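Every number here is computed from the coordinates shown, using simple stated rules; none is lab data. Values in this document were obtained by computation on a predicted structure and should not be read as measured data. Ideal geometry is used to build each Cβ from the backbone, glycine not excepted, and the neighbour counts take in all protein chains shown.
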Amino acid sequence: MCSLCGALGRGLSWEQHGDLGDNGRWQLRREAMETAAALSDLLAPRRIKVAANPDHGFVVAFPTGGAEIVQSLGEIWHLLLRRKIPLPDPLAGL
Amino acid sequence: MRTRSTIPVHILTGFLGSGKTTLLNHALTSSSGFGADTAIVVNEFGDVALDQMFIQERSEETLVLKSGCICCSIRTDLVSTLTQLAAMSDARERPLKRVVIETSGISDPAPILTTLGSDFRLLTRFHLGAIVCAVDATDDGSARTEAVAQLAAADACIITKLDLAERQPESSAEQCVHRLNPGAAIIPSNRFASWIESRDAPNRDMADILASLKPQVAAFSSGHSVRSLVLRTASPTSWPRFAIWLSALIFAHGDRILRMKGLLYDQARDTWLAVHGVRRFLHPPEHLQLGRGSMRDASLVFIVDGLDPALIERSYRQWVLAESDPDARPLAKIDAADLVPESTAMALAMNEGVAR
């Protein structure tokens with residue numbers, strides 16, 4: 001797939017690949033939780049919370065009460081876009 | 001997850017007249033060249049007798065999705081060709097060891113990468129190998145956009161037509177390559193086949209090159225807005241923070257990031273991690289056992305068109321190294337509201353229709 005667009009295909013997303021060693025599932029789970037916490041911090045001004053979904057992927061909860069499950073970082077950006085929520089831009093300056 | 005039992009697909013690219021076919025002909029006919037276990041996929045082919053080879057001649061058929069993002073373009077011709085090759089390989093006593101695709105002179109390599117990474121039938125049988133770009137030494141540096149994209153995407157370059165380059169000696173051509181793509185290896189033309197074969201399996205060449213680079217910001221030529229950035233900095237404190245930064249960066253600006261390569265130390269797994277991508281297409285990260293002692297700095301290379309490299313460096317420090325950079329604001333305080341640039345909004349809006 002276009003790994004970050006998430007436009008095509010399913011399965012493990014780009015950030016979940018790599019040699020996970022003997023504790024692969026545990027490592028993925030730990031990284032997903034860390035990713036979710038960092039995303040929640042990043043999106044806190046939008047009152048959006050992200051949690052690691054059991055198995056893999058994330059649950060994105062919106063201030064209106066709705067929630068959606070996504071599989072990857074790329075899908076999160078698409079989800080924000082679909083809901084017309086401004087996306088974080090690393091180059092936009094702070 | 002991809003396994004290494006899949007067949008590597010290498011790409012030979014280069015602009016019109018850069019000598020790709022000559023390189024390929026030599027690699028197929030010389031005693032030290034490719035053997036019968038190498039399949040060649042070309043758009044057009046010359047007069048070399050290659051009965052013992054897998055040769056697939058195809059015109060390019062590209063399915064461009066509504067997104068308009070070139071990374072989301074699918075080479076439908078390639079799907080059918082590689083599927084056929086997989087079947088032929090299964091039927092042979094000696095299965096294929098590798099596939100080499102020669103692109104047309106005006107092809108952008110990005111759709112090929114997308115095709116290899118998006119079709120699940122192909123994912124079970126193939127993986128992307130190396131990208132080699134033939135660079136014409138007689139070119140005066142005012143290369144066309146397609147040629148710049150090809151050179152930027154390359155893992156290695158071969159300088160061709162050195163005998164004709166009276167005013168552009170080899171060193172000049174090499175400097176041009178290094179300015180645009182500092183992470184690319186430069187290999188002699190007679191080593192094309194052996195270098196490709198050495199890249200069937202992951203090796204440390206790219207890691208060594210990245211680790212040896214010095215920080216720099218360089219412009220390609222006066223006719224282009226293409227610039228390269230070599231960033232040497234502390235490795236990210238965590239892979240998730242780096243992944244968030246890179247995904248947000250490439251999602252928003254991938255159409256202007258021609259190439260990125262990185263060598264990072266992954267603290268959580270106590271190993272090195274190689275990441276690289278072309279535009280919006282990122283290869284799966286690879287963990288490498290490098291044994292680089294106490295050296296933990298990251299090496300990141302970006303080749304960008306129309307972006308300020310200094311902004312990329314600043315954003316890396318702010319988003320990824322927030323904990324260790326006293327001047328950076330923590331990730332939690334970033335408020336990107338109302339900061340979506342017009343180009344981002346347009347690109348994302350176009351992608352919306354094909355996202356699911």
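A few points about this structure:
- Within 10 Å of each Cβ in B:232-241, the average number of Cβ atoms from other chains: 3
- Placing a pseudo-label 7 Å from each Cα along the Cα-to-Cβ vector at B:GLN175 and A:ILE85 gives an inter-label distance of 5.1 nm.
- Near A:SER72, the amide H atoms lying under 5 Å from its own belong to A:PHE58; only residues 5 or more places off or on other chains count, and H is placed 1.01 Å from N.
- Amide H to amide H distances under 5 Å link B:ARG98 with B:ALA39, where only residues 5 or more positions off or on other chains count and H is placed in the peptide plane.
- For B:ARG256, neighbours were defined as the other residues whose beta-carbon sits under 10 Å from its Cβ, and their charges (Lys and Arg +1, Asp and Glu -1) total -1.
- Radius 9 Å from Cβ of B:GLY277, net charge of other residues (Lys, Arg +1; Asp, Glu -1): +4
- Estimated FRET transfer efficiency (B:GLN84, B:ARG144; beta-carbon r; R0 41 Å; 0.05): 0.80
- Pairwise label distance in nanometres, A:ALA67 with B:LYS214, each label 7 Å out on the Cα-Cβ vector: 5.4 nm
- Simple spin-label estimate for B:THR6 and B:PHE120 gives 1.4 nm between the two label positions (7 Å along the Cα-to-Cβ direction from each Cα).
- Kirkwood hydrodynamic radius of segment A:17-94, Cα pairs, Å: 13.3 Å
- Förster radius 35 Å - calculated FRET efficiency between B:ASP297 and B:SER104 (Cβ-Cβ, nearest 0.05): 0.35
- Residue by residue along B:263-271, Cβ atoms of other protein chains within 10 Å of the local Cβ number 2 on average.
- Per-residue mean of C-beta atoms belonging to partner chains within 10 Å, peptide B:251-261: 3
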